[in-house]
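> Pasting in a structure now, in structure tokens, and then I'll have a few things to ask.
All of the numbers you see were taken from the coordinates with simple rules; none came from a lab. From a predicted model like this one, the values you see are computed outputs, not experimental measurements. Cβ atoms come from the backbone with ideal geometry, glycine included; neighbour counts cover every protein chain shown.
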Amino acid sequence: MAIDPKEKKVIPSAANNWGATTKDVTVNGVTYKGAIDVGTMKPPAATTIGQVSAASGLTITGTERNMTKEREAMNLGYTKEYIASRGGINSQGYFNDTPLSGQLTAEEQRRVRLPDGTTNTAEMARILQEKQIAELVGQGMSVADATKRISAQYGKFGVPLVQTGKGGYDLAGNPVAGGQYDASGNYVGSSAGTATGASTGMPAVSKLTTEQRAANEEFRASLTALGLADLADVIDGFIKQDYTSSQIKLELPKTEAYKLRFPGMEALRASGRSITEATYIANERGYLQTLRANGLDTENLGSRTALGTYIANDVSPREFEERVTTAVTRVNQNPDVLNTFKEYYPEVDKSGVVTYLLNPKVGMDVIRKQVRVSEIGAAAATAGFKGDLFGTAQAEGLISPTGDTTYNQLRASFFRARQLANTQRRLSQIENQQYSDLEAIGAVVGGEGSLLLESEKRAQREAARFGQRGGLTGGSLRTEAGI
């Protein structure tokens with residue numbers, strides 16, 4: 001017997017345990033002694049669609065992997081090998097060997113999420129049942145039998161059985177729970193009800209031939225490949241009304257389906273700008289590729305609405321990549337810089353640094369400046385320059401002198417400035433003078449020659465007074481300051 005203690009279910013024992021550990025686990029009141037902890041397996045990876053997972057015995061249905069979701073799974077105890085053996089975990093949190101009929105897309109997850117953050121269980125059950133019924137019908141089962149089998153598994157949330165074994169399809173012949181057309185496109189539902197597929201205002205057709213259905217499927221597949229699957233029903237309705245291509249191009253942007261698919265288009269038109277749908281989709285794919293490559297949340301940062309906002313504000317994929325890279329590598333992955341950023345710009349912490357840096361309403365020039373100021377401030381703080389002595393004003397003054405130096409190079413410069421400040425403060429006290437840490441910062445980090453020259457003269461006077469006893473000379477001072 002094998003057990004998945006994370007998902008709290010018993011599964012069939014695998015022929016090969018792939019090095020899994022065992023443990024005593026109680027599931028539904030039953031204790032299993034020495035059960036195999038599936039999550040600790042280290043089976044071979046499954047990387048291609050259609051390949052069978054050695055761990056689950058299921059077929060891989062997708063290849064998209066989300067590093068953030070996989071890290072969460074590893075924190076729960078799953079090994080990276082086990083995750084890879086199931087094709088990885090996608091951005092919706094599903095193993096890639098999960099049947100597509102058992103997954104909710106990002107859009108579907110948004111549809112079932114209630115305002116208070118909880119899930120609309122009935123709506124989620126309906127969506128999954130429609131997918132699973134369609135899957136069984138595609139395997140040759142009747143709609144009535146498929147509906148009966150699947151709805152029984154969902155108890156009170158089961159969808160109603162179709163009447164008389166007819167219905168169960170939409171106008172195009174696609175199986176759907178509650179549909180009021182038969183498989184040939186004949187309307188068999190009640191005129192008083194809401195017929196699936198009738199929302200386009202199209203009259204019911206008497207029959208779709210095999211050729212027509214094949215053409216319809218090819219048409220929908222081509223739209224899906226172009227990223228326009230959400231518009232298939234609307235365009236299909238226009239075609240059935242004998243609209244010309246010019247009429248479709250004119251009327252399509254006015255439809256609600258188009259506005260939901262391309263939320264950024266309306267803002268572009270309002271400002272007198274325009275791009276093609278192909279460019280729009282290419283930009284979307286560029287944004288999503290960047291988010292996934294950096295392990296960021298595509299559900300929120302990559303939602304249709306968010307992508308539309310980037311496009312409406314003319315954020316190119318290249319600029320978006322710079323924003324993401326800046327947010328992840330220069331800020332989020334460096335705790336010192338992250339904390340300094342929040343300290344210098346407290347309003348940012350309310351929405352999160354990444355969300356702030358991806359906000360297209362914040363100009364790229366502003367972002368570059370704020371991130372650089374935070375890097376300089378963080379580097380200064382590690383050397384003890386902080387508080388009232390060193391803040392945003394001082395950091396901004398060093399943007400130009402420090403140029404493109406890295407954060408580690410900045411830290412090294414500030415530590416040399418600290419060494420110089422300690423030496424010069426001692427020498428200044430001998431001469432009854434005041435010495436500020438800012439002078440050392442200006443000399444070393446800011447490259448101000450006059451400040452460095454004054455420090456060298458002070459060291460030379462000390463050397464002259466004590467006959468080189470302290471070993472301080474102008475040359476040694478330059479070495480100490482790293483100039």
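> Which value results for Rg/Rh of the range 260-362 when Rg is the Cα radius of gyration and Rh the Kirkwood radius based on the inverse mean 1/r? Mind showing how you got there, number by number?
Working: Rg = 14.4 Å, Rh = 14.3 Å.
Across the range 260-362, the Cα-based Rg/Rh ratio is 1.01.
> Can you tell me the order of 59-70, 85-96 when each peptide is scored by its average per-residue count of other Cβ atoms within 10 angstrom, highest first?
Values: 59-70: 17.7, 85-96: 22.9.
Averaged packing, sorted descending, gives the order 85-96, 59-70.
> What distance in nm separates the simple spin-label points at SER142 and ILE248, each placed 7 Å from Cα in the Cβ direction?
3.7 nm
> Another question, if that's okay. Quickly rank 367-374, 97-104 as a protection proxy: mean count of other C-beta atoms within 10 Å, highest first.
Values: 367-374: 19.9, 97-104: 16.4.
Taking the mean over residues of other Cβ atoms within 10 Å, the ranking is 367-374, 97-104.
> Could you compute the FRET efficiency for SER428 and THR255, with r as their C-beta to C-beta distance and R0 at 60 Å, rounded to 0.05?
Efficiency, rounded to the nearest 0.05: 0.20.
> Once the piece of chain linking GLU64 and ASP314 is laid out straight, how much longer is it, given 0.36 nm per residue of separation minus the C-alpha distance between them? Write down the numbers at each step before the final one.
Numbers: separation 250, 0.36 × 250 = 90.00 nm, distance 2.74 nm.
Full extension of this stretch gives 87.3 nm more.
> OK, next. Collect residues whose amide H, placed 1.01 Å from N in the peptide plane, falls under 5 Å from the amide H of GLY384; neighbours closer than 5 in sequence don't count.
For GLY384, no residues qualify.
> Averaged over every viewing direction, what's the projected area of the C-alpha convex hull for the range 361-446? Give it in nm², one decimal, please. Kindly include the intermediate steps, with their values, before the conclusion.
On the way: hull surface 23.0 nm².
Seen from a random direction, the Cα hull of the range 361-446 projects 5.8 nm² on average.
> If you add up the charges near GLN51, with Lys and Arg at +1 and Asp and Glu at -1, over every other residue whose beta carbon is less than 11 angstrom from its beta carbon, what do you get? The partial results should precede the final answer.
Numbers: positive: ARG86; negative: ASP97.
Counting the neighbours of GLN51, the net charge comes to 0.
> Skipping prolines and chain starts, which residues have an amide H placed within reach, meaning under 5 Å, of the one on THR22, given they are 5 or more residues away or on another chain?
Amide H neighbours of THR22: ASP37.
> Applying the Karplus parametrisation 6.51 cos²θ - 1.76 cosθ + 1.60 with θ = phi - 60° to the phi angles of the range 231-244, what ³J(HN,Hα) value in whole Hz is obtained for each residue in order, glycine and proline being reported as x?
Once rounded to whole Hz, the list reads 9, 4, 5, 5, 5, 4, x, 4, 4, 5, 8, 6, 5, 7.
> Over 24 Å between Cα atoms: which of LYS80/LYS131; LYS69/LYS156; LYS259/LYS361; LYS131/LYS156 fall into that group?
LYS80/LYS131; LYS69/LYS156
> Could the peptides 123-131, 439-447, 313-321 be put in order, highest first, of the mean number of other beta-carbon atoms found within 10 Å of their residues?
So the peptides 123-131, 439-447, 313-321, ranked by packing, come out 439-447, 123-131, 313-321.
> Turning to a different aspect of this structure: On each of the three principal axes of the Cα atoms of the range 244-283, give max minus min coordinate, whole Å, ordered largest first.
Largest first, the range 244-283 extends 27, 21, 19 Å along its Cα principal axes.
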